[in-house]
Amino acid sequence: MLAIGYSGRRDILRACQELATEVQRDLLRPEDIDEALIAGKLGTSVAGGGELSCPDLVIRTSGELRLSNFLLWQSAFSELFFSDVMWPDFGEDEYLRALSSYQTRQRRFGQRIPRP
C-alpha cells in the first residue's frame, strides 16, 4: 500500500511563491510568467515539461464525483472516469472499463470543434 500527502492547491501556491521570489530577486519579470513556467515549478512536474506531467485520464474510485484537490493544474484537459468500485477492489476489469470509456472520447484539449 502507498499513501501520499499531496495537495493540488498547495502545489500551485508553492509554485507561485517560487516564481514571486524569482521576480523579487530580479531573476524573472512578471510578464515572462506563463503556463510553462508555472507547470515547471509544480512538485509533480517532469523534467523538460514532457507529456507525462499531465495525465490523459484521471480515474476516481469509490463513487466520488470530484477531484478532491488532486492534480488540479495537471488535469485541466484530462478525461475523467468515475467508478463506484472502491480502490482496494479496483482491478483489471474495472481498469479495462475505464480505458474502453476513454477510447470513445474525442480529445479536444480545450478547443471547440466546428459544427458541420
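The values are calculated or read from the model by the stated rules, or taken from the named source; none is laboratory data. As the structure is a prediction and not an experimental result, all values here were calculated from the model. Here Cβ is always computed from backbone atoms with ideal geometry, including for glycine, and neighbour counts include all displayed protein chains. Protein only, heavy atoms only, side chains kept; ligands, DNA and RNA dropped before computing areas. Shrake-Rupley method; radii C 1.70, N 1.55, O 1.52, S 1.80 Å.
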Failed criterion for Arg115 (all others in (1) in contact (Cβ under 8 Å) with a residue 12 or more places away in the chain; (2) more than 30 Å from Leu13 (Cβ to Cβ) hold): (1)
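With respect to Gln74, is the statement that it is touching a Ser or Thr at 6+ places or on another chain (Cβ under 9 Å), of a type outside the set (Val, Ile, Thr) and either in contact (Cβ under 8 Å) with a residue 24 or more places away in the chain or outside any loop (DSSP other than H, G, I, E, B) (or both) true?
Working: touching a Ser or Thr at 6+ places or on another chain (Cβ under 9 Å): yes; of a type outside the set (Val, Ile, Thr): yes; either in contact (Cβ under 8 Å) with a residue 24 or more places away in the chain or outside any loop (DSSP other than H, G, I, E, B) (or both): yes.
Taking the combined requirement at face value, the residue satisfies it.
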Within the set of pairs 6 or more residues apart or between chains, which connect a residue that is among the acidic types (Asp, Glu) inside segment 11-23 to a residue that is surrounded by 14 or more Cβ atoms within 10 Å (Cβ to Cβ) with Cβ atoms less than 8 Å apart? Asp11/Leu42; Asp11/Thr44; Asp11/Leu72; Asp11/Trp73; Glu18/Lys41; Glu22/Leu28
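Under the condition of being open to solvent by 40 Å² or more (accessible area, probe 1.4 Å) and not in a loop (DSSP other than H, G, I, E, B), which residue from segment 80-93 is nearest to Arg9 (Cα to Cα)? Please lay out each step first, then the result.
Initially, segment 80-93 is screened for residues open to solvent by 40 Å² or more (accessible area, probe 1.4 Å), giving 80, 82, 84-89, 92-93.
Adding the requirement that they be not in a loop (DSSP other than H, G, I, E, B) leaves 80, 82, 87-89, 92-93.
Details: Leu80: 19, Phe82: 21, Trp87: 23, Pro88: 26, Asp89: 29, Glu92: 31, Asp93: 32 Å.
For segment 80-93, the residue satisfying everything is Leu80.
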Can you tell me which residue in segment 1-46 is nearest to Trp87 (Cα to Cα), limited to those that are β-branched (Val, Ile, Thr) and in a loop (DSSP other than H, G, I, E, B)? Ile4
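Select from segment 1-53 the residues that are at pLDDT below 90, open to solvent by 90 Å² or more (accessible area, probe 1.4 Å) and over 12 Å from the mean Cα position of the chain (by Cα) and list them in ascending order. Let's see the steps before the verdict.
Residues of segment 1-53 at pLDDT below 90: 1-6, 43-53.
The next check asks that each one be open to solvent by 90 Å² or more (accessible area, probe 1.4 Å); those that pass are 1-4, 47, 51-52.
Selection gives Met1, Leu2, Ala3, Ile4, Ala47.
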Checking Arg112 against (1) at pLDDT below 95; (2) basic (Lys, Arg); (3) in a helix (DSSP H, G or I), the condition it does not meet: (3)
Yes/no for Asp56 being open to solvent by 100 Å² or more (accessible area, probe 1.4 Å) and of a type outside the set (A, V, I, L, M, F, W, C): no
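Please pick out the residue among Arg66, Arg105 that is in contact (Cβ under 8 Å) with a residue 12 or more places away in the chain, out of contact with any Gly (no Cβ under 7 Å at 6 or more places or on another chain) and surrounded by fewer than 16 Cβ atoms within 10 Å (Cβ to Cβ). Outline the logic, then answer.
Details: Arg66 fails: in contact (Cβ under 8 Å) with a residue 12 or more places away in the chain.
One residue alone meets the criteria, Arg105.
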